[in-house]
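What follows is a set of notes on a single structure, which appears directly below.
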Amino acid sequence: SLPVEGRFVWGPFTLQNSAGSIVLAYSDIDGLIACDEAGKLLWTRPLDKVVLVGKPSAVESDCIVATSSGSILRVASSNGSIVARVEVGESLFAAPTVLAKSLLVPCEEGLILTIPIPSTQTGNSGAN
């Protein structure tokens, strides 16, 4: 079992990226957590009572997670730090899909937005 407090409300998901494989999950107490494939806790990242949607995506050595309220977070797989956050201005019902250097973002109102993959250079940029 994964070493977390509380109950799982998202995941667990296995993610393979350029840094290797990790298991991601979200607990209602610990927040976003990452473990190695043996179940050893790597890090935790509290996220103020968000609802994560869909599966995470891999981008380079980071992961992309999305919230139902319209935030897209780029999280460093190595330590859980938030590398970048983008607010798309729409509620999301599923996770974005990585397409080359962009994300296709499915919104609740039937829109699919295209945004640049969040990076430290894009900061809080909006959607197109």
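Restricting attention to region 2-15 and to residues that are modelled with pLDDT under 90 and not hydrophobic (A, V, I, L, M, F, W, C), the residue that is surrounded by the fewest Cβ atoms within 10 Å (Cβ to Cβ) turns out to be 7. Checking each residue in region 28-57 for being open to solvent by less than 30 Å² (accessible area, probe 1.4 Å) and more than 25 Å from residue 98 (Cα to Cα) picks out only 39.
If the condition is being part of a loop (DSSP other than H, G, I, E, B) and within 25 Å of residue 107 (Cβ to Cβ), then region 29-59 contributes 47, 48, 49, 50, 51.
Within region 74-112, the set of residues being hydroxyl-bearing (Ser, Thr, Tyr) and open to solvent by 20 Å² or more (accessible area, probe 1.4 Å) comprises 78, 81, 91, 97, 102.
Of all residues in region 6-27, none satisfies being closer than 30 Å to residue 110 by Cβ, in contact with a Gly (Cβ under 6 Å, 6 or more places away or on another chain) and not in a strand (DSSP E or B).
Across region 17-27, the number of residues qualifying as open to solvent by 20 Å² or more (accessible area, probe 1.4 Å) and within 16 Å of residue 54 (Cα to Cα) comes to 1. Taking the conditions (1) surrounded by 14 or more Cβ atoms within 10 Å (Cβ to Cβ); (2) outside any strand (DSSP E or B); (3) among the β-branched types (Val, Ile, Thr); (4) more than 12 Å from the chain's Cα centre (by Cα) in turn, residue 120 satisfies each one other than (1).
The values are calculated or read from the model by the stated rules, or taken from the named source; none is laboratory data. Just so we're clear, the structure is a prediction, and the values are computed from it rather than from any experiment. Because the Cβ atoms are built from the backbone with ideal geometry, glycine has one as well, and the counts that use them run over all protein chains shown. In case anyone asks, the SASA skips ligands and DNA or RNA and just uses the protein heavy atoms, side chains included. Shrake-Rupley method; radii C 1.70, N 1.55, O 1.52, S 1.80 Å.
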